[in-house]
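Take a look at the structure set out below.
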Amino acid sequence: MITGKYPNLRLRRSRKYDWSRRLVQENTLTYNDLILPIFIIEGRNKKESIKTMPNVYRFSVDKLTSVVAKAVKKGIPMVALFPYTNLKKKDQNGSEALNNDNLVCKGIKHIRKKFGNKIGIMCDVALDPYTIHGHDGLLKKNKILNDETLDILTKQAVLQAKMGCDVIAPSDMMDGRIGKIRSALDKNNFKDVQILSYAVKYSSSFYGPFRDAVGSKKLLKGDKKTYQMDFRNSDESLREVSLDIKEGADMVMVKPGMPYLDIIQQVKNNFRIPVFAYQVSGEYSLIMNGIRNKIIDKASIKETLIAFKRAGANGIVTYFADQLEL
Ligand code: PBG
């Protein structure tokens, strides 16, 4: 690195005025960097608040029009859909995931019809919103089955693609799912449907409010440590990403966000592919509560989002996406 020496070199010179700071800034945040998650519920004309996530709501499908219109207007490139499934539709094997009239399918169709290709639609592939035990895969004798789960996930992905989903986002952390999903999509002539793999997803305490939002929190039996990653590990994240790239992932996600900036940076530097960060529900609620209680100010939001960019993320999934003024 080329450097200088005080007093010839005074780094404060470039910080003197606003214009000068803007001139030398290394990273920027625009709406292009953001993905907006949306929670969907049954019913009509419904906007339901979520206790643990201030300012975030569950919307009925008809209400998606105004939510997505706002995102389109801002130039947010993509929304991510998550269903709050009624308890009576949940079962041991998450069969509602394959119902072609489930909330996610309805949501995709609605958005596609109203907005054409003006905004991307991304959908999680995992069973947790649909299982009575809250796990992402099939549960048998206290074990989460891998290969048996893959069959259902593959069907779920193909169904979402059929409905018009642009970006399939497997978030279940089963081994081998990207390859299976890629070949099933191709076989069904969805060769251009993209896969954003949640390649690096840690078993984390920061998902609490999300599980509340999709109604799986109280149901969850045990934890997800046999499939989600141990937060003590970083080398393993590179192995996960390299596997998923070989299997056909177009883009990868690192999740949660802020405690894992080192991982984002390593993934970016090692693979030079599109990397996304998920600023998860727990991070969102902590920041939001801090702002509401006047412990930190609103500018903290942008600071966290720029941090992801600085680390190397191409974009961020964040519940702040439609609340920000950039
Ligand atoms: C489920 C899923 C989770 C999140 C996104 N997809 C939770 C989990 O794995 O338990 C978390 C998102 C958030 O906390 O905002 N596969």
Only one of (1) outside any loop (DSSP other than H, G, I, E, B); (2) of a type in the set (F, W, Y); (3) more than 16 Å from the ligand (Cβ to nearest atom) does not apply to Y207, and that is (3)
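Look through segment 210-243, keep the residues that are part of a helix (DSSP H, G or I) and touching a Gly at 6+ places or on another chain (Cβ under 9 Å), and return whichever of them is nearest to the ligand (Cβ to nearest atom). Working first, answer last.
If we filter segment 210-243 for residues that are part of a helix (DSSP H, G or I), which is where we start, we get 210-213, 235-243.
Those left that are additionally touching a Gly at 6+ places or on another chain (Cβ under 9 Å): 210-211, 243.
Working: F210: 3, R211: 6, L243: 18 Å.
Looking at residues that are part of a helix (DSSP H, G or I) and touching a Gly at 6+ places or on another chain (Cβ under 9 Å), I get F210.
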Take the conditions farther than 23 Å from G208 by Cβ, within 16 Å of the ligand (Cβ to nearest atom) and either at pLDDT below 95 or buried (at least 16 other Cβ atoms within 10 Å of the Cβ) (or both) and apply them to G315. Does it pass?
yes
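With crowded, with 17+ Cβ neighbours inside 10 Å and in a loop (DSSP other than H, G, I, E, B) as the only criterion, which of A321, A307 stands out? I'd like the intermediate steps shown before the answer.
Numbers: A307 fails: in a loop (DSSP other than H, G, I, E, B).
Every option except A321 fails the conditions.
Any residue in segment 287-308 that is within 13 Å of the ligand (Cβ to nearest atom) and not polar (S, T, N, Q)?
Pass one, segment 287-308, residues within 13 Å of the ligand (Cβ to nearest atom): 287-288.
Applying the additional criterion that residues be not polar (S, T, N, Q) yields 287-288.
Taking every residue of segment 287-308 in turn, at least one turns out to be within 13 Å of the ligand (Cβ to nearest atom) and not polar (S, T, N, Q).
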Inside segment 115-150, can you point out the residues that are more than 11 Å from the ligand (Cβ to nearest atom), acidic (D, E) and out of contact with any strand residue (DSSP E or B) (no Cβ under 9 Å at 6 or more places or on another chain)?
D147
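Confirm whether V104 is modelled with pLDDT of 95 or more, surrounded by fewer than 24 Cβ atoms within 10 Å (Cβ to Cβ) and in contact with a strand residue (DSSP E or B) (Cβ under 6 Å, 6 or more places away or on another chain).
On the way: modelled with pLDDT of 95 or more: yes; surrounded by fewer than 24 Cβ atoms within 10 Å (Cβ to Cβ): no; in contact with a strand residue (DSSP E or B) (Cβ under 6 Å, 6 or more places away or on another chain): yes.
For V104, the condition - modelled with pLDDT of 95 or more, surrounded by fewer than 24 Cβ atoms within 10 Å (Cβ to Cβ) and in contact with a strand residue (DSSP E or B) (Cβ under 6 Å, 6 or more places away or on another chain) - is not met.
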Sole residue being modelled with pLDDT of 95 or more, surrounded by 16 or more Cβ atoms within 10 Å (Cβ to Cβ) and of a type in the set (S, T, N, Q), chosen from T52, T65:
T52
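The values are calculated or read from the model by the stated rules, or taken from the named source; none is laboratory data. These numbers were taken from a predicted model, which means no experiment stands behind them. Please note: Cβ atoms are built from the backbone with ideal geometry, for glycine as well, and neighbour counts cover all protein chains shown.
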